[in-house]
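The values are calculated or read from the model by the stated rules, or taken from the named source; none is laboratory data. Treat the numbers as computed from the prediction; the structure is a model and nothing was measured. Here the Cβ positions follow ideal geometry from the backbone for every residue, glycine too, while neighbour counts run over all protein chains shown.
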Amino acid sequence: MSGVTTYQNYIDGAFVASASGETRENRNPATNALLSHVPESDANDVQRAVEAARGAQKAWAARPAIQRAGYLHALADKLRENVDHLATVIVAEQGKVRALAETEVNFTAEYLDYMAEWARRIEGEIIESDRPGEHMFLFRKPLGVVAGILPWNFPFFLIARKMAPALVTGNTIVIKPSEETPNNCFEFTKLLDTLDLPKGVFNVVSGGGATTGSALTAHPNVDMISFTGSVATGSAIMHNAADNITKVNLELGGKAPAIVLDDADLDLAVRAIKDSRVINNGQVCNCAERVYVQRGVAEAFQQRIAEAMKATTYGDPGADASVDMGPLINQEGLDKVAAMVESAKRAGAEVLTGGNVADIGQGYHFEPTVLAACTPDMDVMKDEIFGPVLPIQVVDDLDEAIAMANNSDYGLTSSIYTRDLNSALQACRELEYGETYVNRENFEAMQGFHAGTGKSGIGGADGKHGLYEYTRTHVAYIQT
Ligand code: NAD
């Protein structure tokens with residue numbers, strides 16, 4: 001079939017045939033068209049990749065950080081030269097709209113530059129000693145070999161979010177992309193391959209979670225597992241890590257509450273929360289997944305957000321760049337969203353707009369949906385939906401909203417819309433979340449720290465604190 005690419009793993013600086021000889025198909029979620037064959041890597045492939053990363057690590061770490069950073073800057077330039085091509089690949093295999101795919105590539109380039117700029121800012125410490133004549137130095141050292149396990153929803157950016165801090169601090173890395181979105185990772189790797197990066201510093205093995213992912217995270221020669229994905233997989237990875245006492249950094253799911261108070265700027269709240277449910281086809285870990293709206297403004301808010309969601313267009317983003325949303329990632333994702341909405345309807349939720357699978361002939365589309373009269377016991381208020389569905393509950397005041405918001409297993413992001421500074425500050429103090437957005441969309445900055453509490457994860461990414469997640473501290477006591 002024309003246009004179908006066959007990719008190979010990238011190990012020790014070369015594209016190589018997989019030891020398993022097995023492949024898997026990668027298809028377009030909007031059209032079901034076959035896009036590529038990718039390796040279904042086995043434990044031997046993983047072994048080769050980890051060995052290559054281990055073999056390269058000491059020499060890589062011995063280079064000055066500014067030299068390591070040079071490769072990241074060069075890669076950023078390559079990405080910017082290839083935005084068009086890379087965005088096309090992302091749209092085809094993941095289904096996000098083209099403008100967002102282009103943003104993802106440009107943001108990734110910016111992120112590589114940002115992390116590279118830390119090269120001259122990696123700092124140890126000199127600590128006062130209790131002993132006369134003793135010097136205490138705290139060094140920051142690389143961990144060694146990092147395994148980066150990626151989800152499919154921001155598949156391109158998340159490569160950089162893991163490899164950039166890992167490499168600039170002197171680690172080497174083995175990446176396993178999601179089985180849903182391997183192509184963009186191999187296209188990223190092709191560009192990186194033109195840069196003469198030392199062999200073994202960056203490796204890619206593709207394959208399924210229970211096979212390739214499990215072999216990589218159970219490998220005794222991996223020093224850190226940097227994982228982004230679901231809570232269930234995060235838990236499975238922790239079990240694997242436990243056998244080898246491997247460090248884990250887990251960026252997991254979310255169930256972000258958005259609080260809309262009576263004094264909110266309603267135009268802003270409607271726009272930002274609607275966008276939050278529509279961006280990436282409703283599949284973003286940190287976007288608003290449930291709303292607590294204060295009674296005085298509830299009717300107006302619900303009517304307006306239902307109108308905004310109803311006006312949202314969807315279809316194949318590869319064929320029509322003007323659609324607001326593409327499909328969900330796969331049949332399983334669509335079935336999950338449909339089942340949660342059906343269950344909410346049965347429990348008394350009122351459908352203000354949407355509520356059904358959208359049959360447009362092809363693709364995994366769900367109608368943009370707003371559900372009112374939701375209650376805390378409904379799955380749509382408790383569990384991650386990952387689709388264009390907004391459940392709403394009416395509350396009497398901020399205290400009730402915060403109590404409802406905190407009654408969750410998750411703790412990634414939260415938001416509040418209010419014109420009152422005291423209400424905003426109370427929310428920031430009392431919301432048990434890693435991030436709170438006040439009067440703005442949920443979208444983190446690369447110099448912040450993206451981290452969840454509860455089942456949303458362990459550790460975090462971005463900024464100085466995210467960079468140092470990829471280091472260990474070593475204290476030297478020097479008696480003179
Ligand atoms: P997933 O957990 O199904 O898969 C993620 C990755 O883990 C894939 O590469 C998969 O192959 C691999 N995997 C699966 N089982 C494995 C195992 N036993 N051992 C090792 N690896 C295994 O998640 P997904 O569906 O790809 O992504 C969506 C999820 O990711 C959502 O829950 C979303 O909230 C979360 N997410 C979180 C963040 C964040 O920053 N917190 C960002 C993006 C996505």
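Here are some residues: Met404, Met381. Which one is more than 16 Å from the ligand (Cβ to nearest atom), at pLDDT 95 or above, over 30 Å from Ala30 (Cα atoms) and not in a strand (DSSP E or B)?
Working: Met381 fails: over 30 Å from Ala30 (Cα atoms).
So the residue among Met404, Met381 that is more than 16 Å from the ligand (Cβ to nearest atom), at pLDDT 95 or above, over 30 Å from Ala30 (Cα atoms) and not in a strand (DSSP E or B) is Met404.
Identify, from the list Val394, Val370, the residue that is surrounded by fewer than 24 Cβ atoms within 10 Å (Cβ to Cβ), in a strand (DSSP E or B) and out of contact with any His (no Cβ under 9 Å at 6 or more places or on another chain).
On the way: Val370 fails: surrounded by fewer than 24 Cβ atoms within 10 Å (Cβ to Cβ).
Testing whether each residue is surrounded by fewer than 24 Cβ atoms within 10 Å (Cβ to Cβ), in a strand (DSSP E or B) and out of contact with any His (no Cβ under 9 Å at 6 or more places or on another chain) leaves just Val394.
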Which strands (runs of 3 or more DSSP E) sit wholly inside the range 139-209 and have at least 1 residues that are within 11 Å of the ligand (Cβ to nearest atom) and in contact (Cβ under 8 Å) with a residue 12 or more places away in the chain? 145-149, 172-176
Looking at (1) out of contact with any Ser or Thr (no Cβ under 9 Å at 6 or more places or on another chain); (2) touching a residue at least 60 places away in the same chain (Cβ under 8 Å); (3) surrounded by 22 or more Cβ atoms within 10 Å (Cβ to Cβ), which one does His365 not meet, given that it meets all the others? (2)
Please tell me if Leu195 is closer than 21 Å to Ala69 by Cα, surrounded by fewer than 23 Cβ atoms within 10 Å (Cβ to Cβ) and aliphatic (A, V, I, L, M). yes
Sole miss for Lys58 among (1) in a loop (DSSP other than H, G, I, E, B); (2) surrounded by fewer than 17 Cβ atoms within 10 Å (Cβ to Cβ) is condition (1)
Could you list, in sequence order, all residues of the range 412-462 that are within 11 Å of the ligand (Cβ to nearest atom), in a loop (DSSP other than H, G, I, E, B) and either farther than 20 Å from Ser276 by Cβ or among the aromatic types (Phe, Trp, Tyr) (or both)? Lys455, Gly459
Which count do you get for residues in the range 210-232 that are assigned to a strand (DSSP E or B), of a type outside the set (Ser, Thr, Tyr) and within 8 Å of the ligand (Cβ to nearest atom)? 1
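Quick grid of which residues meet (1) of a type in the set (A, V, I, L, M); (2) in contact with a strand residue (DSSP E or B) (Cβ under 7 Å, 6 or more places away or on another chain):
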{"position": "Leu34", "(1), (2)": "yes, yes"}
{"position": "Trp60", "(1), (2)": "no, yes"}
{"position": "Gly70", "(1), (2)": "no, no"}
{"position": "Leu75", "(1), (2)": "yes, no"}
{"position": "Asp84", "(1), (2)": "no, no"}
{"position": "Ala92", "(1), (2)": "yes, yes"}
{"position": "Ala101", "(1), (2)": "yes, no"}
{"position": "Tyr111", "(1), (2)": "no, no"}
Need pairs with beta-carbon distance below 7 Å; first residue under 20 Å from Glu384 (Cβ atoms) and within the range 445-461, second among the aliphatic types (A, V, I, L, M) and more than 10 Å from the ligand (Cβ to nearest atom); sequence gap 6+ or separate chains. Ile458/Val248
Checked the range 243-262 for anything of a type in the set (D, E, K, R), surrounded by fewer than 23 Cβ atoms within 10 Å (Cβ to Cβ) and assigned to a loop (DSSP other than H, G, I, E, B); matches are Asp262
Complete set of residues in the range 463-474 that are assigned to a loop (DSSP other than H, G, I, E, B) and more than 18 Å from Phe227 (Cβ to Cβ): none
Pick from the range 40-98 the residues that are in contact with a Ser or Thr (Cβ under 9 Å, 6 or more places away or on another chain) and among the polar types (S, T, N, Q): which of them is nearest to Tyr364 (Cα to Cα)? Gln94
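Yes/no matrix, rows are residues, columns are (1) more than 16 Å from the ligand (Cβ to nearest atom); (2) buried (at least 20 other Cβ atoms within 10 Å of the Cβ); (3) assigned to a loop (DSSP other than H, G, I, E, B); (4) free of Cβ contacts under 8 Å to residues at least 60 places away in the same chain:
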residue	(1), (2), (3), (4)
Gly234	no, yes, no, no
Ala241	no, yes, no, yes
Ala264	yes, yes, yes, no
Asp267	yes, no, no, yes
Ala272	yes, yes, no, no
Val278	yes, yes, no, no
Val284	no, yes, yes, no
Gly296	yes, no, no, yes
Ala306	yes, yes, no, no
When you check Asn330 against the structure, is it within 16 Å of the ligand (Cβ to nearest atom) and in contact with an Asp or Glu (Cβ under 6 Å, 6 or more places away or on another chain), yes or no? no
Return yes or no: is Gly13 modelled with pLDDT of 95 or more and under 27 Å from the mean Cα position of the chain (by Cα)? yes
